[in-house]
1. What single numbered condition from (1) within 13 Å of the chain's Cα centre (by Cα); (2) more than 29 Å from SER3 (Cβ to Cβ); (3) exposed (fewer than 12 other Cβ atoms within 10 Å of the Cβ) fails to hold for ASP31?
2. Among the residues that make up segment 55-62, is at least one of them part of a helix (DSSP H, G or I) and of a type outside the set (S, T, N, Q)?
3. Using beta carbons and a limit of 9 Å, which pairs, at least six apart or on different chains, have the first residue in segment 50-65 and closer than 17 Å to ILE7 by Cα and loosely packed, with under 10 Cβ neighbours inside 10 Å and the second one among the acidic types (Asp, Glu) and at pLDDT 75 or above?
4. Quick test of your reading of the structure: ASN45 fulfils all but one of (1) modelled with pLDDT under 80; (2) closer than 20 Å to VAL16 by Cβ. Name the failing condition by number.
5. Exactly one of these conditions fails for ALA59: (1) touching a helix residue (DSSP H, G or I) at 6+ places or on another chain (Cβ under 7 Å); (2) at pLDDT 55 or above. Give me its number.
6. Tell me which residues, restricted to segment 1-28, are in a loop (DSSP other than H, G, I, E, B), loosely packed, with under 10 Cβ neighbours inside 10 Å and of a type in the set (D, E, K, R).
Amino acid sequence: MASGKVISALVAGAAVGALIGVLFAPEKGEDLRNKIADMKSDCLNTLKDKVNEFTGKNAPQQAGTSNQAV
């Protein structure tokens with residue numbers, strides 16, 4: 001379990017560091033909001049991947065695909 005805590009701490013630290021870096025960068029408000037939204041999506045996807053990797057689950061399937069044999 002210690003390795004899980006380390007991974008989550010690293011992900012959280014990277015997210016906070018990236019957010020602080022974006023907030024201090026001189027950009028227009030709309031560009032900044034778009035960048036934050038993109039970073040949020042990237043962080044959530046990374047977190048989902050790490051959780052799935054840690055729990056041993058496969059990534060969710062895309063719509064329209066199935067693993068069932070015909």
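1. The failed condition is (1).
2. The answer is no, given that none of the residues of segment 55-62 is part of a helix (DSSP H, G or I) and of a type outside the set (S, T, N, Q).
3. No pair meets every condition.
4. Condition not satisfied by ASN45: (1).
5. (2)
6. Residue satisfying the conditions is LYS28 alone.
The values are calculated or read from the model by the stated rules, or taken from the named source; none is laboratory data. Note that this is a predicted model, so its numbers are computed, not measured. Glycine also receives a Cβ, built like all others from the backbone with ideal geometry; neighbour counts cover every protein chain displayed.
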